[in-house]
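Worksheet for the structure shown next.
The values are calculated or read from the model by the stated rules, or taken from the named source; none is laboratory data. If you're wondering where the values come from, they're calculated on a predicted model, not measured in any experiment. Cβ coordinates were reconstructed from backbone atoms using ideal geometry, including for glycine residues, and neighbour counts include every protein chain displayed.
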Amino acid sequence: MKNPYLPELARIINFRDETPDTRTFEIEPISNDEIRGMPGQFVEVMVFGYGEAPFSISGIRNHPIELTVRRIGTVTNALFKLSQGDIVGVRGPFGRGWPLEKLFNKNILIIAGGIGLAPLRPLIHFIINNRYRFGNVDLLYGARTPELLLYKDELERWSREINVHLTVDKPEPEWRGRVGVVTILFDEIDIDPSSTIALQCGPPIMMHFVTRKLRELGFSDNNIYLSLERLMKCGMGMCGKCTVSGTYVCLNGPVFQCREIRGFIERVPEIGE
Amino acid sequence: MSISGVKLLRSYLITKSNLYELLERISERNKLYAPLRHGDQVVLDLAKSINDILIDYIGHSTLPLKKILIPPREILYEYWIEKKSVTINDNLDKIASERIVIFGIRACDIKSIEILDKVFLREFHDPYYKKRRENTVIIGLTCVSPDKNCFCYFTRSGPEITSGYDLLLTKINEHYLVDVGSEKGESIIISNKELFSDATPESLEVKARIVKETIIKIKDKNDLPFFNEVYDQLVKRFDSREWKEISSLCLSCGKCNFVCPTCTCFDIIDEFDPIRNRGKRIRVWDSCHFLSFTRVASGEIFRKDRSSRIKQRIYHKIVYSVNDIGTISCTGCGRCIEVCPVGIDIREIVRNLAR
Amino acid sequence: MIPKQKPRVGIFNLSSCEGCIVQILNLGEKLLDLLKLFNIVDCRVLGVKEDYNKLDIAIIEGCVMSFEEEVKAREIRERSEIVIALGDCAVSGNINFMKDITNKPHKSKPLSEVIKVDHEIPGCPISSEEFYRVLIDILMGKKITKKSITVCSECVLRENNCLLEKGVPCLGPITRGDCNAICPSNNRPCFGCRGLADDANIDALIKAFRDRNIPISQYLIALNQMKHKGGEER
């Protein structure tokens, strides 16, 4: 059996800047093996010389997987210095992604904050490619400034297939959209909580208020899913750093049903308690 | 891996001098780890001379058996970068040929192997652990001298143990009774036949009596609930005020994690030499008491409160482990009590919360 | 991966014993590696003094004890891109501060009280290994982080006899490690030269001392007062 600690060598095929500090990389194993990721799963990327960090998969449509990375620490800084054709290591995919099978024939409400849209992007692609299998689909997306909205060109395209609602905390002069935290967008949507599944990813504080809002609206904990960010060092349920109430986020998450989290003994700030 | 739980019923006797002879033979062909004296401490370490081995010591070694199976610092792989390519050298190859015999550990540590197996050999297999585990022979020793902090009886991990070892020795007067726990153990007997004689019925009776006496010794020092029966009470007391008191005492020094036979959390760090373009990925033990333990890239720390970190350790042992691997992961060795500079005592915590 | 031009480095000392600079010399072969990567243009101990205007990295050992030293520190700061406080004297005042503890105002100042410090290498003396690592990390553009491990836990990893249990005032439980517990391993109590550990609980250690009839030093009391006041952690 292959040693799961050893990364597979992969090449940076391409990259594009999304915002001043965020870049989407296309990565492909040099062996030409496919990385079969599911929406919501993550991989560990090794930048040789610098170290390894977990990134959720932000695109799985084509052969190379896509990772949207914010420049934030040692590994991401080093990753930003690499160019086309450079080698990185990849382990994974790991974890449990969005519950695709539970979404069919349902209305879908997606709530994202900042870089939190990245793990939801493959899900949005999946929904758009199978549009007829879903009911109403709303995306509520907030970022600090208009410049920091991810996938700007795609948001436009998505809006032809699903309802895209945007807001920013700090507008720029040319911004014509809403201003405020993502929960203000709830007034733009008309949803039936009993037939809608809500899926969210964003900073803990955002998910905290979104989960509260959803419950106020009558969502049951069974119909709310969140992707938790924790320190996933090994990705394999061993190093213990990502556990929440003894549950390994890397194995049993990062996507959890709100009801599971509510059953936890240790408090999880993201579920609005 | 021969942890199938097949219990071979044969037992033997060996004299003390033959036992030393056996250890001598073993040390010629294996890395023999055994309890040794280090200052005032007992440590489990490579035995350079058979005469240094402690057989009848009180309590347990400072660091538990995990230090051999998952060393405190271990290189996972090395790599070097040449132009646009990277070559990876798995360190697993280096440990592949190691043959390890661990002698003289007691029920609390033998029991810990079962728990380590459940963590390191489940959905994913940790190949480093697995390789060492496969290469390791366990020769346990029935504990007759629990110290003041020992409470294995209340975690149901000792002093009697019936699996998890290859051979188990019990001192019976001038002899040692040898229980065989695996095929590996049996093969040691077969290849050193002349050192053993068949066990007598009396020796088995003596062993049963010794175990009973040890239980009494432990019970005399402890008035405790069984740790596998306090799950519900602990869950209910998660927000108990007592945690605040305990956390005002705790130094967050992390010693309790390092000495625990079942604390397995680790970090992986990088070293790089930019002149030779060579790097290493190294696994090091980590502690859930350290503030940085849960820090993610964005800077968020999920267990900022000292009390949340203490609870992490205690609940992991008694509650989370049950959910995760189906058993409590405290083996009652008492090491965390022994080393705590401020006297935080898991027995007291459990006794109070279970009330 | 590393810049083509070697960064220019100056090594200076204020009030100190120069023991930390000796630790740099103790790097042996690794020092030769550093010399391949860095261009040392100013260092009294090495006998180097080149003409230069700007420095990429200034390494300053020692604390500030006089007006002259304050001026010197500011001067170095002005011409340097990165300033590293080298050793506990520069980081916290160390022994000068301990002596100074009952004087108000304190005469000894850690470097960060006088100028902006970018990185700290703690210890009395510093660990050569850490010095090497920090320089390499700066060169490679890595984030410099201090390890969370405490001296006490590193000491138990070495399976030493506990000094605290013997009634010796060891600060290991509240002190940031990554020194491999060198002092307690040599039968010397930890005196906290690497600074407080994250979330150090000094109150609890004071209690642990009292329980063992270990006298509480003025230093420990002052340290605790400063911690409770917040901010100024020395």
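Could you tell me whether B:Ile310 is outside the structural domain of B:Ile113 (by TED's automatic domain parsing), closer than 23 Å to A:Pro204 by Cα, surrounded by fewer than 19 Cβ atoms within 10 Å (Cβ to Cβ) and β-branched (Val, Ile, Thr)?
Details: outside the structural domain of B:Ile113 (by TED's automatic domain parsing): yes; closer than 23 Å to A:Pro204 by Cα: yes; surrounded by fewer than 19 Cβ atoms within 10 Å (Cβ to Cβ): no; β-branched (Val, Ile, Thr): yes.
Criteria not met by B:Ile310.
With the requirement that a residue be among the acidic types (Asp, Glu) and either without any contact (Cβ under 8 Å) to a residue 40 or more places away in the chain or surrounded by fewer than 17 Cβ atoms within 10 Å (Cβ to Cβ) (or both), what does the stretch C:58-69 give you? Walk me through it before giving the result.
To start, the set of residues in the stretch C:58-69 that are among the acidic types (Asp, Glu) comprises C:61, C:68-69.
Within the stretch C:58-69, C:Glu68 is the sole residue that qualifies.
Looking at the stretch B:335-343, is at least one residue in contact with a Pro (Cβ under 9 Å, 6 or more places away or on another chain), part of a helix (DSSP H, G or I), surrounded by fewer than 20 Cβ atoms within 10 Å (Cβ to Cβ) and more than 14 Å from chain A (Cβ to nearest Cβ)? Steps first, please.
Restricting attention to the stretch B:335-343, the residues satisfying the condition of being in contact with a Pro (Cβ under 9 Å, 6 or more places away or on another chain) are B:335, B:341-342.
Cutting the leftovers down to part of a helix (DSSP H, G or I) gives us B:335.
Keeping just the survivors that are surrounded by fewer than 20 Cβ atoms within 10 Å (Cβ to Cβ) gives none.
Within the stretch B:335-343, not a single residue is in contact with a Pro (Cβ under 9 Å, 6 or more places away or on another chain), part of a helix (DSSP H, G or I), surrounded by fewer than 20 Cβ atoms within 10 Å (Cβ to Cβ) and more than 14 Å from chain A (Cβ to nearest Cβ).
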(request) Mind listing just one residue for me: the one in the stretch A:42-90 that is more than 18 Å from B:Asp270 (Cβ to Cβ) and among the hydroxyl-bearing types (Ser, Thr, Tyr) and, of those, nearest to the other protein chains (Cβ to nearest Cβ)? (result) A:Ser83
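Out of the stretch C:180-199, which residues are touching a Lys or Arg at 6+ places or on another chain (Cβ under 7 Å) and farther than 15 Å from C:Cys155 by Cβ?
The first filter runs over the stretch C:180-199 and keeps only residues touching a Lys or Arg at 6+ places or on another chain (Cβ under 7 Å), leaving C:181, C:185, C:194-197, C:199.
Selection gives C:Gly195, C:Leu196, C:Asp199.
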(message) For the stretch A:130-140, check the following and say yes or no: at least one residue is in a helix (DSSP H, G or I), at pLDDT 95 or above, among the hydrophobic types (A, V, I, L, M, F, W, C) and outside the structural domain of A:Val45 (by TED's automatic domain parsing).
(response) no
(request) Take the residues in the stretch B:37-85 that are aliphatic (A, V, I, L, M), within 12 Å of chain C (Cβ to nearest Cβ) and touching a residue at least 60 places away in the same chain (Cβ under 8 Å), then tell me which one is nearest to A:Glu8 (Cα to Cα). (result) B:Ile81
(request) Kindly list, by first and then second residue, each pair from a residue in the stretch A:194-206 that is free of Cβ contacts under 8 Å to residues at least 60 places away in the same chain to a residue that is outside any helix (DSSP H, G or I) and surrounded by 15 or more Cβ atoms within 10 Å (Cβ to Cβ), limited to pairs with Cβ atoms under 9 Å and residues at least 6 apart or on different chains. (result) A:Ser194/A:Phe219
(request) List the number of the failed condition for C:Leu220; all other conditions in (1) surrounded by fewer than 17 Cβ atoms within 10 Å (Cβ to Cβ); (2) away from chain B (no Cβ under 13 Å); (3) farther than 30 Å from C:Leu32 by Cα hold. (result) (1)
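Restricting attention to the stretch B:77-98, report how many residues are under 15 Å from B:Asp126 (Cα atoms), of a type in the set (D, E, K, R) and surrounded by 13 or more Cβ atoms within 10 Å (Cβ to Cβ).
First, the residues of the stretch B:77-98 that are under 15 Å from B:Asp126 (Cα atoms): B:77, B:90-93, B:95-96.
This time we only want the ones that are of a type in the set (D, E, K, R), so: B:90, B:93.
Of the ones still in play, those that are also surrounded by 13 or more Cβ atoms within 10 Å (Cβ to Cβ) are B:90.
Summing the residues that are under 15 Å from B:Asp126 (Cα atoms), of a type in the set (D, E, K, R) and surrounded by 13 or more Cβ atoms within 10 Å (Cβ to Cβ) in the stretch B:77-98 gives 1.
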(request) Look at A:Val90 and say whether it is β-branched (Val, Ile, Thr) and without any contact (Cβ under 8 Å) to a residue 60 or more places away in the chain. (result) no
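Residues of the stretch C:131-182 being on the phi > 0 side of the Ramachandran plot and crowded, with 23+ Cβ neighbours inside 10 Å, which ones? It would help to see each step written out before you state the result.
Within the stretch C:131-182, the subset on the phi > 0 side of the Ramachandran plot is C:141, C:159, C:167, C:178, C:180-181.
Answer for the stretch C:131-182, where residues must be on the phi > 0 side of the Ramachandran plot and crowded, with 23+ Cβ neighbours inside 10 Å: just C:Ala181.
Need a quick list: helices (runs of 4 or more DSSP H) entirely within the stretch B:218-317 having at least 2 residues that are at the interface with chain A (Cβ under 8 Å from one of its Cβ atoms) and not hydroxyl-bearing (Ser, Thr, Tyr).
So the answer is B:306-315.
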(request) Taking only the stretch A:18-70 into account, find how many residues are part of a loop (DSSP other than H, G, I, E, B), closer than 26 Å to A:Gly237 by Cβ and of a type in the set (D, E, K, R). (result) 3
(message) Out of the residues in the stretch C:130-145 meeting the condition of being more than 9 Å from chain B (Cβ to nearest Cβ) and in contact (Cβ under 8 Å) with a residue 40 or more places away in the chain, tell me which one is nearest to C:Gly28 (Cα to Cα).
(response) C:Tyr132
(request) May I ask you to verify whether C:Ile182 is within 20 Å of B:Pro64 (Cα to Cα) and under 23 Å from the mean Cα position of the chain (by Cα)? (result) no
(request) Give C:Ser185, C:Ser127 a once-over and let me know the one that is free of Cβ contacts under 8 Å to residues at least 60 places away in the same chain, hydroxyl-bearing (Ser, Thr, Tyr) and either farther than 29 Å from A:Tyr50 by Cα or surrounded by fewer than 24 Cβ atoms within 10 Å (Cβ to Cβ) (or both). (result) C:Ser185
